[in-house]
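*Asks:* To start, I am sharing the structure in question, which I have written as structure tokens.
Quick note: the coordinates plus some simple rules give every number you see, no bench work behind them. Being a predicted model, the structure only gives us computed values, none of them experimental. Please note: Cβ atoms are built from the backbone with ideal geometry, for glycine as well, and neighbour counts cover all protein chains shown.
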Amino acid sequence: MNQVPVTVLTGYLGAGKTTLLNRILTEQHGKRYAVVVNEFGEIGIDNDLVVETDEEVFEMNNGCICCTVRGDLIRILTGLMRRKGKFDAILIETTGLADPAPVAQTFFVDEDVQAKAKLDAVVTVVDALNIEARLKDSKEAREQIAFADVILLNKTDLVAPADLDRIEGIIRGINKAAEIHRTTNSQVPLDRVLDRGAFDLDRILAIEPDFLEGGHVHSHNEDITSISFTQIDPLDENKFNRWISNLLQTKGQDILRSKGILSFANQDDQFVFQGVHMLLDGDYRRPWAPDDPRISRIVFIGRNLDVAALKAGFEACRAA
Amino acid sequence: MPPEFPDFQPEDVYADRLPPSRVDCYPQEAGIIALAIDGRDRIGFAFDDGRIAVGSLDAPAEFVALEGHDGVSLALCAGPKGGFVSGGDDGRAVLIAADGTRTELLPPGKDWVHAVAASPASGLIALGVGKTARVFDAAGKALGSTAPVASAVTGVAFNPKGKRIAVAHYGGVSLWYAGGLTGTPKLLPWKGSHVSVTWSPDGRFVVTGTQDKELHGWRVEDEVDMRMSGYAAKVKSFSWSADERWLACSGSPLVTAWDFIGKGPMGRPPHQFGGAEEFLATHVAAHPKLPVVAAAFEDGRIEMGRFAVEGQVLLKEVGGGLPTGLAWTADGGRLLMTTEDGEFFVVDLEDLKVAAKEQKKRK
């Protein structure tokens, strides 16, 4: 069954999220969108279907303490799916102060949502002028960057080029798995933010691995960082599954996102997985190209990441 | 109680003997997303284009499609005096009376109408509108609204007399007297998101399906909690047996039926049946008179089992699309199923109707 792609737009207040939304809705792309917003506000839409909602977050009783979910989205997405063939894709705009975890987790826990919709990408709009201050005083601003698959570094016209490089470096430090686009007025080719599913994998494949140098690599306090590892030797599927489930069960509160493309022993297809806190989803996606090196890559984005332990754990998943 | 209808064995396949007929009784191609049947065997469908069709099996050519919603119906049920009530994602709610008269209970608005219920006993209608529940009389006159609950209302159910409503939301169920909506509700608390609700026909139990793929029940009298787990999906379809003892549920490849006799189902495993392991039961419908229950599955199968007796019979083979509704005619002689692909199947079970009559005579 075809799953409708869902794009989640996040971004701190005033970053340019609504401008991006309006751009998506007014540009001629031949696609019909259903849009879920928190307030009708300044969105000018004639042909598209707009649903207003309150962000109704609740905690699951599934033994996973950080598993919060947006119940309103479950209702709205399953409701929208009853309108068969009335739209091609769904956009969800979150409030500026929203923690993106419940939105992302919604796509992992509800069987009706999973059957008919898939999370295509979390797109975060960042205000280049104010982001450094926001990162200091707002947990949500940091998490919005950490959860992003695509980041628009917006309002670049207000910031000197040298500062932009520094800011991009800070963002990369939080999330090295996201694609970053520098924009003014949220102007970005729409194929960079919509229908990203497949491209996301290429981004992961392009990530440079971290090398352990020197002693101090343990991140501390509320800083969100990302780290990645590669492995040339094929992995043992059972060992990896045991390791990653145990890791996310015990450290999933601190690990905001995990992603990977893996080469398992005796498998011709790439195994692709992604996790949000303690929730994990993965499957065989596409064959390894004949001349590509079969390198497994894994990325963790989170707090208090014990790099040495993660690296050792990943290496121990090698097939014997 | 001895068997009072034709005994069936698991190897019996009704579908071979009585192929379900596909009935062309609605005007054009559209998916069907909900089915309801009222006490007079009038049938209502909600289509995926927003229309609602009503008609009778006796005159399939005379089904009429009425304007329903600008979007689609989210909930459809039989009306309190026959006819149908539908709530939609356009915020509108309509009452289609038995004579076809259409009354708008709520005009289009921002809050979706996610839940509808009606009570033939009291003649009342309840709607879940955004975070409130609203009550109307059988003529469609608004009688009042509750205060907002913790989240959008996901389910409403009347007690047997139709004097109280159970309203499902985050954190549990609130019980209001329909005549006292401005008062403080009795809260039956349980953490998490509750997505469906039913009130037992003997009035003693309120049961919800939860987002955590469990059933949660409360004994209304003393608020004792009951947890029933093991489901593969959220339980969205419930049906109480004619003798009021069993609650059959969707949500797993085996139909589960919990025995609510005495203090309730705790400590007793449910009765289960089902012939395939990979497809979930989507809808259950207990026979109106006999101790049997029919279930529709994701693959389009219909099976029928008997409470507390092992095994099941196949009433309809796979195919036709994902089921969206399952209902018995009032005499228990025909079983109806609709699907997402717009198919409408009628399984003729004349022998059950005869058996139900004989049972009545013997009583």
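*Asks:* Would you please give the residues with an amide H less than 5 Å from that of B:K131, counting only those at least 5 places away or on a separate chain, with H modeled from the backbone geometry?
*Replies:* Those qualifying (amide H under 5 Å, at least 5 residues apart or on another chain) are B:V153.
*Asks:* While we're here: Between A:D88, A:D292, A:D72, find the one with the highest GNM mean-square fluctuation for chain A; connect C-alpha pairs within less than 10 Å.
*Replies:* For chain A, modelled as a Gaussian network with Cα springs under 10 Å, the answer is A:D292.
*Asks:* Can you show me the helix-derived [θ] at 222 nm for the protein assembly as shown, built from DSSP H runs with n ≥ 4 at -39,500 (n - 2.57) apiece and divided by the number of residues, rounded to the nearest 500. Intermediate values should be presented prior to the final figure.
*Replies:* Values: 12 runs with 115 residues, N = 683.
Theoretical 222 nm ellipticity from helices: -5000 deg cm²/dmol.
*Asks:* If neighbour count is taken as other Cβ atoms inside 10 Å, put A:R242, B:R134 in order from fewest to most. Write down the numbers at each step before the final one.
*Replies:* Working: A:R242 12, B:R134 23.
With the sparsest Cβ surroundings first, the list reads A:R242, B:R134.
*Asks:* May I pose another question? Please turn the phi angles of segment A:109-120 into ³J(HN,Hα) values with the Karplus equation 6.51 cos²θ - 1.76 cosθ + 1.60 (θ = phi - 60°), one per residue in order, whole Hz, x for glycine and proline.
*Replies:* Ordered by residue, 3J(HN,Hα) equals 9, 9, 5, 6, 5, 4, 5, 10, 9, 9, 6, 7 Hz.
*Asks:* What list of ³J(HN,Hα) values in whole Hz, one per residue of segment A:6-11 in order, does the Karplus curve 6.51 cos²θ - 1.76 cosθ + 1.60 (θ = phi - 60°) give from phi, with Gly and Pro shown as x?
*Replies:* Calculated HN-Hα couplings, in order: 10, 10, 9, 9, 10, x Hz.
*Asks:* Now for a separate question. Tell me, what ³J(HN,Hα) does each residue in segment B:194-201 have, in order and in whole Hz, if you take phi through Karplus 6.51 cos²θ - 1.76 cosθ + 1.60 with θ = phi - 60° and put x for Gly and Pro?
*Replies:* Rounded to whole hertz, the list is 9, 10, 7, 8, 9, 10, 5, x.
*Asks:* Right, something else. Rank A:I167, A:N154, A:V113 by how far each Cα sits towards the positive end of the charge dipole of segment A:80-202 (+1 on Lys, Arg Cβ; -1 on Asp, Glu Cβ) and give me just the farthest.
*Replies:* It is A:V113, whose Cα lies furthest towards the positive end.
*Asks:* Where a Cα-Cα gap under 15 Å defines reach, which aspartates and glutamates qualify for B:K163, not counting those fewer than 8 residues away within the same chain?
*Replies:* B:D137, B:D202
*Asks:* What angle, in degrees between 0 and 90 and rounded to the nearest 10, separates the Cα long axis of helix A:17-26 from the longest principal axis of the Cα atoms of chain A?
*Replies:* 70
*Asks:* Further, regarding this structure: Dipole magnitude of chain B about its Cα centre, charges +1 at Lys/Arg Cβ and -1 at Asp/Glu Cβ only, in debye to the nearest 20? Don't jump to the answer; show the numbers that get you there.
*Replies:* Values: 37 positive and 46 negative charges, 348 e Å.
Roughly 1660 debye, rounded to the nearest 20.
*Asks:* Counting other C-beta atoms within 10 Å, which of A:D306, A:D191, B:D58 has the fewest, and how do the rest follow? Mind dumping the intermediate values first?
*Replies:* Numbers: A:D306 15, A:D191 10, B:D58 7.
Listed from fewest to most nearby Cβ atoms, that is B:D58, A:D191, A:D306.
*Asks:* Still on this structure: Given Cβ point charges of +1 (Lys, Arg) and -1 (Asp, Glu) and nothing else, what value in debye, to the nearest 20, does the dipole of segment A:4-202 about its Cα centre take? Could you put the intermediate results ahead of the total?
*Replies:* On the way: 23 positive and 33 negative charges, 69 e Å.
The calculation lands at about 340 debye.
*Asks:* Right, something else. What's the magnitude of the charge dipole for the protein assembly as shown around its Cα centre, counting Lys and Arg as +1 and Asp and Glu as -1 at the beta-carbon? Answer in Debye, nearest 20.
*Replies:* I would put it at about 1800 debye.
*Asks:* Ok, one more. Over segment A:4-202, what is the percentage of antiparallel beta bridges among all DSSP beta bridges, to the nearest 5?
*Replies:* On the way: 3 of 32 bridges.
Here the antiparallel bridges make up roughly 10 percent for segment A:4-202.
*Asks:* Compare the Cα positions of A:L279, A:G302, A:N238 along the charge dipole of segment A:208-315 (+1 at Cβ of Lys, Arg; -1 at Cβ of Asp, Glu; about the Cα centre) and return the one farthest towards the positive end.
*Replies:* The listed residue farthest towards the positive side: A:L279.
*Asks:* Estimate the FRET efficiency between A:D292 and B:E278 by the formula 1/(1 + (r/R0)^6), using the beta-carbon distance for r and 35 Å for R0, to the nearest 0.05. Mind showing how you got there, number by number?
*Replies:* On the way: r = 35 Å, r/R0 = 1.00.
E(calc), rounded to 0.05, equals 0.50.
*Asks:* How big is segment A:208-315 on each of its three principal axes, counting only the C-alpha atoms and giving the largest first in Å?
*Replies:* 43, 30, 19
*Asks:* Identify, among B:A166, B:A30, B:T154, the residue whose Cα sits farthest towards the positive end of the charge dipole of the protein assembly as shown, taking +1 on the Cβ of Lys and Arg and -1 on the Cβ of Asp and Glu, with the dipole about the Cα centre.
*Replies:* B:A166
*Asks:* Please report the antiparallel percentage of the DSSP beta bridges confined to the protein assembly as shown, to the nearest 5. Display every interim value, and only then the final one.
*Replies:* Values: 137 of 169 bridges.
Close to 80 percent.
*Asks:* Please state the equivalent ellipsoid semi-axes for the protein assembly as shown: what are the square roots of 5 times the Cα gyration tensor eigenvalues, largest first, in whole Å? Could you put the intermediate results ahead of the total?
*Replies:* Numbers: eigenvalues 466, 164, 111 Å².
Equivalent ellipsoid of the protein assembly as shown: 48, 29, 24 Å, largest first.
*Asks:* I've got another one for you. Please give the direction-averaged projected area of the C-alpha convex hull for chain B, in square nanometres with one decimal. Could the numbers behind the result be given before it?
*Replies:* Working: hull surface 66.7 nm².
Projected over every direction and averaged, the Cα hull of chain B covers 16.7 nm².
*Asks:* What residues qualify as long-range amide H neighbours of B:W190, i.e. H under 5 Å apart, gap of 5 or more or another chain, H built at 1.01 Å from N?
*Replies:* B:G172, B:V173
*Asks:* Would you list A:L158, A:L279 from fewest to most Cβ contacts within 10 Å? Please report the intermediate quantities before stating the final value.
*Replies:* Details: A:L158 12, A:L279 21.
Ascending number of Cβ neighbours within 10 Å: A:L158, A:L279.
*Asks:* Once each part is reduced to its C-alpha centroid, what is the distance from segment B:182-209 to segment A:271-286 in angstrom?
*Replies:* For segment B:182-209 versus segment A:271-286, the Cα centre distance is 36 Å.
*Asks:* Highest GNM mean-square fluctuation, chain A, Cα pairs closer than 10 Å: which of A:T18, A:T184, A:T124?
*Replies:* Looking only at A:T18, A:T184, A:T124, the biggest GNM fluctuation is shown by A:T184.
*Asks:* Another question about this same structure. Please report the spacing between the Cα centers of segment B:239-315 and segment A:118-165 in Å, no decimals.
*Replies:* Answer, in whole Å: 53.
*Asks:* What does the charge add up to near A:P287, with Lys and Arg as +1, Asp and Glu as -1, over the other residues with Cβ less than 13 Å from its Cβ? Present the calculation step by step, with values, prior to reporting the outcome.
*Replies:* Values: positive: A:R285, A:R286, A:R294; negative: A:D268, A:D269, A:D291, A:D292.
Net local charge, A:P287 excluded: -1.
*Asks:* Another one. Plugging the Kirkwood radius over Cα pairs into Stokes-Einstein for segment A:4-202, at a temperature of 20 °C and a viscosity of 1.002 mPa s, what D comes out in µm²/s?
*Replies:* The estimated diffusion coefficient comes to 125 µm²/s.
*Asks:* Efficiency by 1/(1 + (r/R0)^6): what FRET value for B:D202 and B:R227, r their Cβ-Cβ distance, R0 = 22 Å, to the nearest 0.05? Before the final figure, lay out each step's value.
*Replies:* On the way: r = 21 Å, r/R0 = 0.94.
Working from the Cβ atoms, E equals 0.60.
*Asks:* Can you figure out the FRET efficiency of A:L205 with A:A133, using R₀ = 35 Å and their beta-carbon distance, to the nearest 0.05? Don't skip to the end; give the middle numbers.
*Replies:* Working: r = 34 Å, r/R0 = 0.97.
E between A:L205 and A:A133, to the nearest 0.05, is 0.55.
*Asks:* Skipping prolines and chain starts, which residues have an amide H placed within reach, meaning under 5 Å, of the one on A:L9, given they are 5 or more residues away or on another chain?
*Replies:* A:I92, A:E93, A:T94, A:V123
*Asks:* Something else now. Given springs between every Cα pair under 10 Å in a Gaussian network model of chain A, which of A:V50, A:V150, A:V69 has the largest fluctuation?
*Replies:* Fluctuation is largest for A:V50.
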